[in-house]
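Take a look at the structure below.
The values are calculated or read from the model by the stated rules, or taken from the named source; none is laboratory data. Note that this is a predicted model, so its numbers are computed, not measured. For neighbour counting, all protein chains shown are included, and Cβ atoms are generated from backbone atoms with ideal geometry for every residue, glycine included. Each accessible area value is taken on the protein alone, full model and side chains, heavy atoms only, with ligands, DNA and RNA left out. Shrake-Rupley method; radii C 1.70, N 1.55, O 1.52, S 1.80 Å.
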Amino acid sequence: MVITETPLKGAFVIELEPFKDVRGFFACAWSDREFAAFADAHFVETNISFNEKKGTLRGMHYQAAPHGQAKLVRCTRGSIYDVIIDLRPESPTFKQWFPLEMSAENRLLLFVPVNFAHGFQTLEDKSEVTYQTSAYYAPEHGRGVRWNDPAFNISWPGNELIMLDRDRHYEDFVA
């Protein structure tokens with residue numbers, strides 16, 4: 001694995017280092033031992049998000065304390081425009097966001113720390129995202145920030161969006 005920190009401290013892009021042969025390839029996608037030099041993360045749940053149509057926007061979600069979640073995200077089918085926002089008030093990158101185009105072809109992974117909002121927009125029909133989380137899903141602690149909140153000014157790749165009303169109507173972010 002090649003682990004590269006994003007401009008947002010504590011968030012990392014992980015590139016696979018495939019061992020190729022006539023059958024295809026084999027690659028390690030996660031190692032607690034290797035990642036321990038960068039962050040302490042242990043995953044307890046794996047989730048799959050299947051998205052029928054291009055332009056589906058999910059996010060921007062996070063889970064509040066004491067059930068905050070780190071995530072390890074990978075697009076396993078199709079492609080997505082993935083976005084994370086640093087919501088840590090003490091962070092020098094507070095309210096900054098980072099985008100990453102992820103696809104089944106590029107096989108990139110994104111490590112998202114606790115206290116970051118996460119979301120994505122599908123770039124193709126029938127896109128699928130798999131993510132592991134460091135805490136169990138606790139719906140009563142689920143929170144979100146609006147995808148187009150002026151506090152973040154995220155630039156999304158398309159205007160024709162399919163999303164839940166909940167995601168469309170989160171209140172303006174207040175620090």
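Observations on the model:
- Cut-off 11 Å, label 7 Å out along Cα→Cβ of His141, residues of the stretch 70-104 by amide N: 70
- Sorted largest first by accessible area at a 1.4 angstrom probe radius, with every protein chain in place, the residues Ile84, Ile48, Ile162 fall in the order Ile48, Ile162, Ile84.
- Taking the three principal axes of the alpha carbon atoms in the chain, the coordinate ranges are 52, 35, 28 Å, sorted in descending order.
- GNM top mover of Pro99, Pro157, Pro113 - the chain, alpha-carbon springs below 10 Å: Pro157
- Model label zone, Glu45; criterion: amide N under 14 Å from point 7 Å along Cα-to-beta-carbon; scope the stretch 129-144: 131-143
- Environment charge of Ala175, counting only residues whose C-beta is closer than 15 Å and scoring Lys/Arg +1, Asp/Glu -1: -1
- Inter-label distance, Phe19 to Ala37: 1.9 nm, where each label sits 7 Å from its Cα along the C-beta direction.
- Computed over neighbours whose Cβ is under 15 Å from that of Phe35, the net charge equals -3, Lys and Arg +1, Asp and Glu -1.
- Taking the protein heavy atoms of the chain in the context of the full set of protein chains, the accessible area attributed to carbon and sulfur is 51 percent at 1.4 Å.
- Relative to the current alpha-carbon distance between Asn153 and Ala64, full extension at 0.36 nm per residue lengthens the span by 29.8 nm.
- Size descriptors for the stretch 48-90: radius of gyration and Dmax over Cα atoms are 12.7, 38 Å.
- The Cβ shell under 14 Å around Ala104 holds other residues with a net charge of -2, Lys and Arg each +1, Asp and Glu each -1.
- Centroid-to-centroid separation of the stretch 2-72 and the stretch 126-173 [C-alpha atoms, Å]: 17 Å
- Of all the options Arg33, Arg77, Arg107, the one that moves most in a Gaussian network model of the chain with Cα springs shorter than 10 angstrom is Arg33.
- Taken over the chain, lysine pairs spaced eight or more positions apart, or on distinct chains, with alpha carbons under 15 Å apart number 4.
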